[in-house]
Protein chains: 2
Amino acid sequence: CVQILFNLEQALTSVKGGGKKLFGNVSIGLPIEFGNNLVIPLLSHFGLKHPDVTFSLQLGFASSMNNLLLKGELDFAIVDEYKLDSRIYVEKLSYETLELSIRRDKLPSRGPQNKKFFELLDYVEYEKGQPILKMWFAHHLKQTSLDLKVRATVMDVQGIAKFVLSGLGAGIIPGHLFEKLVKENYDIYRFPGCGKSLRNSISVAYLKERTHSLAASTVLDFLKKELIIV
Amino acid sequence: CVQILFNLEQALTSVKGGGKKLFGNVSIGLPIEFGNNLVIPLLSHFGLKHPDVTFSLQLGFASSMNNLLLKGELDFAIVDEYKLDSRIYVEKLSYETLELSIRRDKLPSRGPQNKKFFELLDYVEYEKGQPILKMWFAHHLKQTSLDLKVRATVMDVQGIAKFVLSGLGAGIIPGHLFEKLVKENYDIYRFPGCGKSLRNSISVAYLKERTHSLAASTVLDFLKKELIIV
């Protein structure tokens with residue numbers, strides 16, 4: 001009986017990818033910053049344990065992941081908040097916080113952080129129309145009509161961070177990047193707002209009809225287990 | 001006469017943008033990593049001196065810059081090596097080196113760094129077909145037929161760096177990023193190759209027929225002066 005259980009366990013382990021049988025390429029879509037900071041180290045960890053598994057990554061926004069999933073070019077994608085096609089299965093996994101930050105020497109020294117205070121600052125934003133700044137102010141100040149002076153737009157988290165660090169203005173970056181920069185001794189300040197961080201949900205997404213290879217489903221299970229916090 | 005010279009100088013300064021008359025938006029295309037690391041801090045510096053100038057940046061590969069320039073959506077772009085449309089004026093400014101790097105604990109401890117040595121390593125690359133690794137080996141080893149085991153592809157310098165730092169394989173990153181990582185105390189190794197670094201040229205590009213605003217031409221002159229090393 002012990003032998004039977006042992007064999008059963010071995011069979012299960014093998015199916016789960018715990019054995020040495022995993023091989024082949026797994027194609028994954030990722031949001032740029034969350035992917036680089038949090039997912040790639042996990043994939044390296046997995047890849048070091050499974051030397052015959054390779055990865056093809058596509059970094060980008062959820063809108064492009066939507067199309068790549070529909071075209072069958074990805075085994076699965078990790079995406080942030082975005083309405084994907086109904087043929088795509090989506091499961092919430094985690095979230096990142098979005099933090100308005102500024103180089104500390106650019107922070108006005110006093111005054112309540114109200115509408116007037118924020119309208120005196122300079123900003124950097126991802127794109128025209130200030131969608132992310134608007135979200136932040138709607139969440140934290142219940143304000144939707146601030147008149148913000150945006151000095152630069154760049155659709156790239158690292159670019160926003162670089163503008164903030166070089167002092168051009170305040171900008172919104174994910175909490176995990178803020179923490180990383182603080183660890184690297186950059187002197188930046190996070191506006192507390194209402195005290196409850198704005199969140200950007202992170203989900204896993206794949207075509208409902210897609211059959212995953214053993215390698216792909218094992219990587220997917222591994223990432224879900226490692227990333228899940230909701 | 002002193003007064004005349006003074007007025008003349010003032011007039012020149014004003015034309016050059018040294019005065020306070022600069023205003024308006026400047027739209028610039030940039031290569032992602034070179035842009036984030038080297039150009040954005042310069043733009044912040046400029047922007048802090050000229051509070052009425054704003055920037056719209058597009059980060060991406062030279063191929064997309066080609067199209068954006070032709071559509072008139074950029075005042076100018078900074079691009080790496082790529083054959084642009086003949087209607088675009090291109091002027092070499094600078095270069096970045098491309099360095100094959102590996103986490104030091106993943107470096108085989110001995111052996112001459114020849115074909116056999118390199119074929120035993122794992123790699124990460126930007127895209128299928130290994131174009132950048134091939135360039136590196138052609139330049140340094142005069143080898144074009146290595147059989148390289150590529151564990152992951154990702155079209156993103158930060159992604160390649162993260163795979164290298166988390167130990168999945170050796171990968172090629174720009175010299176300026178390698179130096180930054182070393183400064184941040186990551187223990188990574190740069191393969192010396194033939195001793196003379198592979199270079200990726202950096203040029204400024206704009207539509208020949210485009211008329212630049214005073215702000216755009218002043219930013220362009222400033223960047224050229226700051227970035228030029230060839």
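Some points to look at:
- Checking each residue in segment B:55-101 for being without any contact (Cβ under 8 Å) to a residue 24 or more places away in the chain and closer than 30 Å to B:L165 by Cα picks out B:S63, B:Y82.
- Of residues in segment A:41-90 being part of a strand (DSSP E or B) and closer than 16 Å to A:K208 by Cβ, the one nearest to the other protein chains (Cβ to nearest Cβ): A:A77
- Residue check for A:L93: surrounded by 14 or more Cβ atoms within 10 Å (Cβ to Cβ), in contact with a helix residue (DSSP H, G or I) (Cβ under 7 Å, 6 or more places away or on another chain), modelled with pLDDT of 90 or more and part of a loop (DSSP other than H, G, I, E, B): no
- Every residue from segment A:181-195 that is charged (D, E, K, R) and either outside the structural domain of A:L165 (by TED's automatic domain parsing) or in contact (Cβ under 8 Å) with a residue 12 or more places away in the chain (or both): A:D187, A:R190
- Check on A:L121, more than 29 Å from B:F163 (Cβ to Cβ) and under 18 Å from the mean Cα position of the chain (by Cα): no
- Residue in segment B:149-173 that is farthest from the chain's Cα centre (by Cα), counting only those that are part of a helix (DSSP H, G or I), within 7 Å of another protein chain (Cβ to nearest Cβ) and not charged (D, E, K, R): B:F163
- Just one of the listed residues (B:L48, B:L84) is farther than 22 Å from B:L177 by Cβ and under 18 Å from the mean Cα position of the chain (by Cα), namely B:L84.
- Scanning segment A:150-165 for residues that are in contact (Cβ under 8 Å) with a residue 40 or more places away in the chain and either surrounded by fewer than 24 Cβ atoms within 10 Å (Cβ to Cβ) or in the same structural domain as A:A62 (by TED's automatic domain parsing) (or both) yields A:D156, A:V157, A:Q158, A:L165.
- Filtering B:F46, B:F23, B:F55 for residues that are among the aromatic types (F, W, Y) and either in contact with a strand residue (DSSP E or B) (Cβ under 6 Å, 6 or more places away or on another chain) or modelled with pLDDT under 95 (or both) leaves a single hit, B:F55.
- Here segment A:195-230 is the region considered, the condition is being part of a helix (DSSP H, G or I) and in contact with an Asp or Glu (Cβ under 9 Å, 6 or more places away or on another chain), and the residue that is nearest to A:H45 (Cα to Cα) is A:V219.
The values are calculated or read from the model by the stated rules, or taken from the named source; none is laboratory data. From a predicted model like this one, the values you see are computed outputs, not experimental measurements. Neighbour counts run over all protein chains shown; Cβ positions are idealised from the backbone, glycine included.
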